[in-house]
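Input: a single structure, listed below in structure tokens.
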Amino acid sequence: MTPNEPQLTTLPNGLRVIALPMPWRQTVSLSVFIRTGSQHESRRLNGISHVVEHMAFKGTHSRDCQRINLDAERLGAEVNAHTDKDHTAFHIEGLARDLGVFVEMLADIVLNSTFPADELERERQVILHEFTEFEEDPSAMAFQLFDRACYGQHPAGQPVIGNRANLKRFTRVDLLDYVARQYSAGNVVVGAAGGFDGARFLRDVQAHFGGMPCGSDNSVPAPAWLGGLKLRRMAGSAQCHVVLGFEMPALRDEAHLAYVMAAALFGEGMSSPLLDEIRERRGLAYYTACSADVLPLTGQFVVEAATAPGQAEQFFVEVARLLQAQAAGVDPVGFERARNQLTVRALRALEQPSRRLETAAQEVFTFGTPQDAAVVLARLQAVTAPQVQAAFRTMLASPAAVALAGSVPSRARTRAAELFALSTAGDVDD
């Protein structure tokens, strides 16, 4: 193992510890990843992972919410957290000398949160404000509808933020029960990146997390891809927000690398076909992008844009044409550009401690161990133009998923359905 590769240790209770040496850093990044997110929630509990993440900072057995913030900020540290489909994470960044204190702080938040009932009522209002912003944002709504078009009623199709009815209903007991089931050592990775004593870090993690029950794997079945068209017309919106995508392999399948290359080829950079044609040559959108969202259970090849309602129909025509062109043949210059852009992106990610920790944690949850970054990059660079062309052909031969939100003209809906062979039955979600 090279000196700057993640070093993995498994504690007796099954919790995994990642030490990522970056001796040139004077600060340290510490994260606790829990394998639980919206795809682990029943419909009745949709949104609870996100509420737990908020409420974890509202008090423990030894600290109230003000003390949690002050203890970190007195050391100059920043504390944060996020919830995703497949995991929840808590982070702290500060001086490397304080790593032991940071381990104790995050352990207190993750293991000892009391979820005070009065704080829950106050935070419930904050989260409902956040939900309103989400509900009124046509771009966010388009992505929510897109996931539903992709996966239907499978938990992978649920929004991380949940729904208003659930957010109003969750109780302190609901939160405690969920944490007791989901927050177990076998589903936790604690990782640190920076210049620190690895042996001391391991002792600190053992001291504060070693008593955590092992539990059982938070595993869920992979969703079946459905495809289809969903839309929501939103009063006051002046644009049509579009999310269009196809199924692609998940993280465990090495074939996903060709789709990652395909996304970069199609829509990364101003010289990519998507941006050059849609924005620069035709003026159909100010913002458009293409990405490959690769998760342990699922993969999505995604094209997104915000366009004028009167141009939405033409947007679909041009995107369909561009996708067909890639399936017919990959431009060698465009392929070289995409490969070099992905190489630079991968190397830059190696310099970002928080990115490296999250990638390593996701790999531990998926493969049982972090992957060698140099090997992963070499596999990506080994992807060939015919493999990328085959990826485009496979996508175009499979059901697409399309979501439209905001000001949605009927002609755009009809044209999207025609171009991508979509059923419009039950597509309206007004």
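Readers should treat all values here as calculations from the given coordinates under stated rules, not as data from a laboratory. All of these numbers come straight from a predicted model, not from anything done at the bench. Backbone-built Cβ (ideal geometry, glycine too); neighbour counts: all protein chains shown.
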Legend entry - Interchain or long-range residues, amide H under 5 Å from A400's placed H: G228
Legend entry - For segment 151-159, Karplus couplings with θ = phi - 60° (6.51, -1.76, 1.60), whole Hz, Gly/Pro x: 10, x, 8, 4, x, 5, x, 8, x
Legend entry - Segments 313-323, 68-78 sorted - mean Cβ within 10 Å per residue, highest first: 313-323, 68-78
Legend entry - ³J(HN,Hα), Karplus 6.51/-1.76/1.60, whole Hz, each residue of segment 287-296, x for Gly, Pro: 10, 8, 7, 9, 8, 10, 9, 10, 10, x
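Provide the net charge surrounding I278, with neighbours chosen by a C-beta distance below 14 Å and charges set as Lys +1, Arg +1, Asp -1, Glu -1.
Working: positive: R279, R281, R282, R321; negative: E268, D276, E277, E280, E304, E313, E318.
Net charge around I278: -3.
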Legend entry - Inter-label distance, nm, simple model (7 Å from Cα along the C-beta direction), D197/C214: 3.0 nm
Legend entry - Charge dipole (the chain, unit charges on Cβ, about Cα centre) - positive-most of Q387, M212, L350: Q387
Legend entry - Simple label model, 7 Å out from Cα along Cβ direction - A382 to A224, nm: 3.5 nm
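Quickly estimate the mean residue ellipticity at 222 nm for the chain, helices only: each DSSP H run with n ≥ 4 gives -39500 (n - 2.57), and the total goes over all residues, rounded to 500. The partial results should precede the final answer.
Working: 15 runs with 188 residues, N = 430.
Estimated from H runs of four or more residues: -13500 deg cm²/dmol.
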Legend entry - Cα centroid separation - segment 408-422 against segment 268-326, whole Å: 15 Å
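Estimate the FRET efficiency between Q153 and L75 by the formula 1/(1 + (r/R0)^6), using the beta-carbon distance for r and 60 Å for R0, to the nearest 0.05. If you can, show how the numbers build up before the last one.
Numbers: r = 46 Å, r/R0 = 0.76.
My answer for the efficiency is 0.85.
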Legend entry - Cut-off under 5 Å, modelled amide H: who pairs with A81 long-range: H91
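Answer rounded, prolate or oblate for the chain, using the Cα gyration tensor with square roots of eigenvalues a ≥ b ≥ c: rounded when a/c is under 1.5, else prolate when a/b is larger than b/c, else oblate.
Here the chain falls in the oblate category.
Can you give the net charge of the other residues whose Cβ lies under 13 Å from the Cβ of R339, counting K and R as +1 and D and E as -1?
On the way: positive: R337, R345, R379; negative: E268, D331, E336.
Here the charged neighbours net out to 0.
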Legend entry - Distance (nanometres) between label positions extended 7 Å along Cα→Cβ at T343 and D331: 2.0 nm
Inset, instruction - Give, in whole angstrom and from largest to smallest, the semi-axes √(5λ) of the equivalent ellipsoid of segment 86-172, with λ running over the eigenvalues of the Cα gyration tensor. - result: 31, 19, 13
Inset, instruction - Would you please name the GluC sites (Glu not before Pro) within segment 328-371 that are DSSP coil residues with at most 10 other C-beta atoms within 10 Å of their C-beta? - result: E351
Inset, instruction - Report, ordered by chain and residue number, the lysines lying within cross-link reach of K58, taken as a straight Cα distance under 22 Å and ignoring same-chain residues fewer than 8 apart. - result: K168
Legend entry - Full-stretch length increase - Q66, R355 - with 0.36 nm per residue and alpha-carbon distance subtracted: 101.2 nm
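Rank the residues D118, D108 as a footprinting-exposure proxy: fewest other Cβ atoms within 10 Å of their Cβ go first.
Working: D118 10, D108 18.
Listing D118, D108 from fewest to most nearby Cβ atoms yields D118, D108.
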Inset, instruction - Sort segment 228-419 into rounded, prolate or oblate with this rule: let a ≥ b ≥ c be the square roots of the eigenvalues of the Cα gyration tensor; rounded if a/c is under 1.5, and if a/c is not under 1.5, prolate when a/b is larger than b/c, oblate otherwise. - result: prolate
Legend entry - Per-residue HN-Hα couplings for segment 242-257 [Karplus 6.51, -1.76, 1.60; θ = phi - 60°; Hz; x = Gly/Pro]: 10, 10, 10, x, 9, 5, 9, x, 7, 4, 5, 8, 4, 5, 5, 5
Legend entry - Rg followed by Dmax, in Å, when segment 7-209 is reduced to its Cα trace: 17.6, 49
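Between A255 and R169, what's the calculated FRET efficiency when r is the beta-carbon distance and R0 is 35 Å? Round to 0.05. Provide the component values of the computation, followed by the final result.
Details: r = 42 Å, r/R0 = 1.19.
It comes to 0.25.
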Legend entry - Coarse-grained scattering of segment 16-86 at q = 0.12, 0.17 Å⁻¹, given as base-10 log I(q)/I(0) from a Debye sum over alpha-carbon atoms: -0.47, -0.85
Legend entry - Paramagnetic reach from L95 (point 7 Å along Cα→Cβ, amide N under 16 Å) across segment 5-44: 25-29
Inset, instruction - Enter the Cα centre distance for the pair segment 161-224 and segment 366-387, rounded to the nearest angstrom. - result: 28 Å
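If we count every other residue with Cβ under 10 angstrom of C290's Cβ, Lys/Arg +1 and Asp/Glu -1, where does the sum land? Could the numbers behind the result be given before it?
Values: positive: none; negative: E268, E304.
Net charge around C290: -2.
Assign unit charges at the C-beta atoms only (+1 for Lys and Arg, -1 for Asp and Glu), then state the dipole size of segment 94-140 relative to its Cα centre in Debye, rounded to the nearest 20.
Dipole of segment 94-140, to the nearest 20 debye: 300 debye.
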